[in-house]
Amino acid sequence: MKKISRASALVVAVLCLTVDWASAAEESSANWVSPVPVRAEPLSISPGAPLSTRALVTHPPAIRGLLSWTIESPRHRGALHGLAPSPNGRLVATGSLDGTVRVWQLSDGQLLRVLVGHDSYSGSVAWSPCGTVIASSGTWDGAVRLWDPRAGRPLRVFKGLKTPVGTTAWSPDARRLVASSSHSGLVWIWDAETDATRTVTEIGRYITALHWSPDGRSLIVLAEQTAPTVLSLGSDGTVEDVRSVGDTQTLCAAWSPDNARVAIGDQTQCTIWDLASGDAVKKLAGDCRSVAWSPDGKRLVTANSNYAVRIWDVESAKVTASAPVQASCVGWDAATGRIFCLRATEFSVFDPAEEKVVLTVPAAVTQPPYWRAGRPIVTGLMTNKLTLWDPNTAKRLRELTGHGGAISNVSWSRDGKVLASASYDKTLCLWDADKGLALHTLEGHTAAVTDVAWSPNGKLLASASSDKTVRLWSAAGEPVQTLDGHTAAVRTLAWSPSSTQLLSGGADENVIVWDPKSGKSQRMIPVSRRVLALDCTSLGSLLTVACGTTEDQVQVIKVANGEQLGLLRHGGSPPSVTALTWLPTGAYLFAGRGCHTAQLWDVRADKVLRDFQTMAPVVYVATTGNVLVAGNNDGVVRFWDADTGELRGTILDVGGQIALVSFDGQHRVGSDQTPELVYVAQTPEGQSLLTPDQFAAKYRVRNIPARVKLVPGR
């Protein structure tokens, strides 16, 4: 298996662009599919404007020869949502939560192109059968974009589709492109030869997938709460016939290469249907979340709910091999005979002939660095190793190793000398932050530890667990109390400012107020939804807790008696309130959500003072001075000025280093490190991918790390 060195692979990729795209240009002759006739639109980017609303550089200074530019991580920021190999099997395109489309070289996993333009996340990517155009959907931006991957040029933008725009798919002759749009199940089509667009149908259900038949005459449509639908299309895109396959909602589907059968996966099995007779001819046992046919039509590859990848003999309906990878989505490449396996943060290529994984590319980062004012920055959440970084210089300080499972959360002691970590290995660790040594391993929980929180006075440590308990520990790591009372997993903890009360919440839809001295429950507050976030403050003499749940409201509750003092509502999908923090002064609350937003509330006035676009679900929030901070599921920590609402900058986890990036494109990494960042430069001819040194030399610009000031004075 090949593991890619990020720094070296990136530099080589930029230098080898000419060779790689020359190879990619051979695709049309190899596949006998004529290039897509695309009338390229003029670029509508004003000098100085960002490349998209999701670009990290929100105010790019004007540079001679450039329309715009931005800085990017060498990996996607956020989970992978789509993957498409080029027709000759030499390149692969991926789409992600960050809204970019990235092109990778499959011989060695090098990053070749970062295509920036979508204002929402890229839900689907599709490589044209001729190999000259990539189509991508922008979900909530209501757009389908066409790209020339060789030049990095945006070709067309189809706007105004009903949101969200989901799956895109090319017809086998590359003459038509379809996309699903909106929760109403709209199917949109573009005819490349006539340059006309139209609505094919609107089936009334949210569409989860679209697939062309190999002969290009039909579409199979998968939608929620309904059986798969086969649409037979005329030459003008009109629907000539409609029929259903099976009678249950399905999770995936794939046409056989001979056009005669379709494999359909659901929560119990994968069924192969004969389309001529309408009969189910084979059933493969076990849930099926993704399915693909081998090029010869004799085998299937499937991925199930446990991400297991299995290869089946169709005739015997038996498993003949398993791939040693995990995947949520699989595809079988006709050009190379290899299997593509996609997960949230990586993709792999498995060769069934050699029975081995030939390539694994760590293509995305999802967990943000953990930031708290005056403390080292922590990376490595959801892995079993933490790394500490200097918050001012971005220099690596030390690594903390010892957990046997993924680390779910961390908490700094009052004096900043000890870091507590909670893990799915059922333990907690106390670390000497200066020396990087484990001081104590705390055992006692019988299931994953989900949260950890030091008391404000620094005397006690609280831990929450899926074992339904809360435990208290001394600062020296000795067990003090086990707090029993929850009837389901406990997710979140919050101390009162005086350290005299501890609050916990979780899946049983209750908040429990504990006396940490006696270990007894003072009261149980029902909140009617799973509790995701808590934070306590004193408003005058009134101890108050803010409670975030799986619905779109924050409940503000009087701790003394459980009385609800306020209900702060703000719509969005998903509606979850995932992170909360009270500002140090006044009745102001900063709330982060699953719907990619955060709000600064004036609680007494029940008024949103500012609404922030976090670009991804919020993992945690923090505040210092007049700066509001959110760590998000695109691997980015964002810093805003609370008074103006302007983005000050971001912190990125780029694997071997962290990078601090200002709103205007200045960056800071450890002084002894070569930046692993990439620059995306938009010229009238296209988007080019450059290293920091190449960008500085070509456009005569200077990076000034001292200008990166995420918080005042630093």
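The values are calculated or read from the model by the stated rules, or taken from the named source; none is laboratory data. Values in this document were obtained by computation on a predicted structure and should not be read as measured data. Methodologically, a virtual Cβ is constructed for each residue, glycine included, from the backbone with ideal geometry; neighbour enumeration extends over all protein chains shown. Surface accessibility is based on the protein's heavy atoms, side chains included, excluding ligands, DNA and RNA. Shrake-Rupley method; radii C 1.70, N 1.55, O 1.52, S 1.80 Å.
Label positions at ARG707 and ARG243, each projected 7 Å from the Cα along the C-beta direction, are separated by 6.5 nm.
Order the peptides 82-92, 276-286 from the highest to the lowest mean number of other Cβ atoms within 10 Å of their residues. Walk me through the numbers on the way to the answer.
On the way: 82-92: 22.5, 276-286: 12.8.
Highest mean packing first, the order is 82-92, 276-286.
Can you figure out the FRET efficiency of ARG414 with LYS517, using R₀ = 22 Å and their beta-carbon distance, to the nearest 0.05?
Efficiency computed from Cβ-Cβ geometry: 0.70.
Quick check: at a probe of 1.4 Å, how many percent of the accessible area of the stretch 42-159 sits on carbon and sulfur atoms?
Details: 1650 of 3120 Å².
Here carbon and sulfur together make up 53 percent of the probe-accessible area.
Quarter the surface of the alpha carbon convex hull of the chain and you get the mean projected area, 30.4 square nanometres. Extension gain, ASP434 to LEU565: 0.36 nm times the residue separation minus the Cα-Cα distance gives 42.9 nm.
The phi torsions of the stretch 375-389, fed into the Karplus equation with coefficients 6.51, -1.76 and 1.60 and a -60° offset, translate into couplings of 10, x, 6, 10, 10, x, 4, 6, 10, 9, 9, 9, 10, 9, 10 Hz, rounded to whole numbers, with Gly and Pro shown as x.
Remark on TYR206: its backbone amide H falls under 5 Å from those of GLU224, a criterion applied only to residues 5 or more positions apart or on other chains, H modelled at 1.01 Å from N.
Order the peptides 629-640, 669-680, 238-249, 700-711 from the highest to the lowest mean number of other Cβ atoms within 10 Å of their residues.
On the way: 629-640: 25.8, 669-680: 19.3, 238-249: 12.9, 700-711: 14.9.
Ranking the peptides 629-640, 669-680, 238-249, 700-711 by packing returns 629-640, 669-680, 700-711, 238-249.
Annotation note: trypsin sites (Lys or Arg not before Pro) in the stretch 479-555 located in DSSP loop regions with a Cβ neighbour count of at most 12 within 10 Å are LYS517. Of the whole protein surface, ARG289 contributes about 100 Å² of accessible area at a 1.4 Å probe radius. Between rounded, prolate and oblate, where does the stretch 506-574 land on the alpha carbon gyration tensor, with a ≥ b ≥ c its root eigenvalues, rounded for a/c under 1.5, else prolate if a/b exceeds b/c? In terms of gyration-tensor shape, oblate. Each residue of the stretch 404-419 was assigned a 3J(HN,Hα) from its phi angle through the Karplus curve 6.51 cos²θ - 1.76 cosθ + 1.60 (θ = phi - 60°); the sequence is x, x, 4, 8, 8, 6, 9, 8, 8, 5, 4, 8, x, 8, 10, 10 Hz, with glycine and proline shown as x. Classify the stretch 181-263 as rounded, prolate or oblate from the Cα gyration tensor: take a ≥ b ≥ c as the square roots of its eigenvalues, call it rounded if a/c is under 1.5, otherwise prolate when a/b beats b/c and oblate if not. Taking the square roots of the gyration eigenvalues as a ≥ b ≥ c, the stretch 181-263 is oblate.
Before anything else, pin down the relative contact order of the chain: Cα pairs under 8 Å, at least 6 apart, normalised by residue count, whole percent. Each step should come with its number before you reach the end.
Numbers: 2072 pairs, mean separation 65.7, N = 714.
Result for the chain is 9 percent.
Based on DSSP H runs of at least 4 residues, each adding -39500 (n - 2.57), what is the mean residue ellipticity at 222 nm of the chain after dividing by all its residues, to the nearest 500 deg cm²/dmol? So the helix-based figure for the chain works out to -1000 deg cm²/dmol.
Spin-label pair THR163-ASP351: with each label point 7 Å from Cα along the Cα-Cβ axis, the two points sit 4.5 nm from one another.
Per the Kirkwood formula on distinct C-alpha pairs, the Rh of the stretch 400-442 is how many angstrom? Walk me through the numbers before you get to the answer.
Details: mean 1/r = 0.0979 Å⁻¹.
This gives a value of 10.2 Å.
For the chain, the Cβ-based charge dipole about the Cα centre amounts to some 1700 debye (Lys, Arg positive; Asp, Glu negative; other atoms uncharged).
Would you work out if the stretch 608-653 is rounded, prolate or oblate? Take a ≥ b ≥ c from the square roots of the eigenvalues of the alpha-carbon gyration tensor; rounded if a/c is under 1.5, else prolate when a/b is larger than b/c, oblate otherwise. Each step should come with its number before you reach the end.
Working: a/c = 1.82, a/b = 1.50, b/c = 1.22.
Because a/c hits 1.5 or more and a/b exceeds b/c, the stretch 608-653 counts as prolate.
For LYS298, the solvent-accessible surface computed with a 1.4 Å probe is close to 130 Å², ligands and nucleic acids excluded. Put VAL319, VAL531 in order of accessible area, highest first, and with a 1.4 Å probe you get VAL319, VAL531.
Rounded to whole numbers, the Karplus 3J(HN,Hα) couplings from phi for the stretch 112-128 are 10, 8, 10, 9, 10, x, 5, 9, 9, 6, 7, x, 7, 10, 8, 8, 4 Hz, using 6.51 cos²θ - 1.76 cosθ + 1.60 with θ = phi - 60°, and x at Gly and Pro. When the pairs LYS162/LYS607; LYS417/LYS459; LYS159/LYS607; LYS426/LYS468; LYS395/LYS435; LYS395/LYS417 are compared against a 24 Å limit on Cα-Cα distance, LYS162/LYS607; LYS159/LYS607 fall above it.
Protein heavy-atom accessible surface, 1.4 Å probe, per residue over the chain: 38 Å².
Strictly greater than 27 Å: what percent of every Cα pair in the stretch 439-593 meets that? Please report the intermediate quantities before stating the final value.
Numbers: 2166 of 11935 pairs.
Beyond 27 Å sits 18 percent of the P(r) for the stretch 439-593.
Kirkwood analysis of the stretch 77-133, using all unique Cα-Cα pairs, places the hydrodynamic radius at 11.3 Å.
Projecting label points 7 angstrom from Cα along Cα→Cβ for ARG700 and SER34 puts them 4.7 nm apart.
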